[in-house]
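Note sheet for the following structure.
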Amino acid sequence: MVYEVFDMVGLWQYNLNKKIADKGENVVTLDSILTNISLKNRRFKLNLEYSTIRYINEEEYTKDVYSYVEPEFHESQCKTEFSPRFILFSAPGATGKSALAKHICYTKNGIYWDLPENKIAEYSFQGAISKAVGFSEMSNFIKSIEDGNTFLVIDAFDEAEAGSGRSGIEFFLRDLNAVTEKCENICAVLMARTESALFIKEYFEKNNVKYKHYEVGYFPEYNSKTYIENSMQSNGTY
């Protein structure tokens, strides 16, 4: 019975994804999506005891990603898509959003933020940053984001919503928007399941926040085979 429920949820998410992706959006590559995000320097010494916000090292990348295999990405139409501050990726559950998030962080030296790790409430954005970089470095950290020298990859908005509620997500988005309002570059990449992404899009458009949205699709046939081979190699069964 439990598996039937998960199958129904997965099918609903797939159909919702497909409905959005079938509205004439272009299929694009990850390189083209990230073309305006340059390779960054790891400027900040992050608190190793506060793993919520961290750089992705080689050990974690090898364990959780191993060798990233690219699915299809569908570019969705947005009202404020020019010169975006944010990139939003969405997909059904268990389709590799966290692997994508860690791949972007590892290859571009972005900072990974595991959002569900902490309860989200008003001003929790600044509180989390202060724990990660220290109070003395907060202003330098925010300026580095504004200047395009640092960017965040914020994972699992849907799980954070389950723990903190939609009001918590709205608080977080408001603080994120306020902290990055002077940024003229892509300052954050956001990951969410499709239904949470729709709420984020609504918030962005209501508040005239510039963003671009991409639906994560499934693997083309040639990449499906590579994905299976890589999974077997990483598990030592190939």
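The values are calculated or read from the model by the stated rules, or taken from the named source; none is laboratory data. The structure presented is a predicted model; accordingly, all values stated were derived computationally and were not measured. Don't worry about glycine lacking a Cβ; one is built from the backbone with ideal geometry, like all the others, and counts go over all protein chains shown. Heads up: the accessible areas ignore ligands, DNA and RNA and are worked out on the full protein's heavy atoms, side chains in. Shrake-Rupley method; radii C 1.70, N 1.55, O 1.52, S 1.80 Å.
Under a plain spin-label model, where a point goes 7 Å from the Cα along Cα-to-Cβ, how far apart in nm are LYS63 and LEU198? According to this spin-label approximation, the distance is 3.6 nm. Per-atom-type breakdown for segment 53-106 gives carbon and sulfur 45% of the accessible area (1.4 Å probe, protein chains only). The fraction of all Cα pairs in segment 63-143 landing in successive 5 Å bins from 0 to the largest distance is 3, 10, 16, 18, 21, 16, 12, 3, 0, given as whole percents. Applying 1/(1 + (r/R0)^6) with r as the Cβ-Cβ distance of GLU122 and CYS78 and R0 = 41 angstrom yields a FRET efficiency of 0.90. Taking the three principal axes of the alpha carbon atoms in segment 153-196, the coordinate ranges are 31, 17, 13 Å, sorted in descending order. Rolling a 1.4 angstrom probe over segment 118-219 with all protein chains present gives an accessible area of which 48% lies on carbon and sulfur atoms. Per residue, the solvent-accessible area of segment 99-146 (1.4 Å probe, heavy atoms of protein chains only, all protein chains present) comes to 42 Å². Here's the picture: charge each Lys and Arg Cβ at +1 and each Asp and Glu Cβ at -1 in segment 77-223, and of MET138, VAL189, SER83 the one pushed furthest to the positive end of that dipole is SER83. Note: relative contact order over segment 102-170, using C-alpha pairs below 8 Å and six or more positions apart, is 49 percent.
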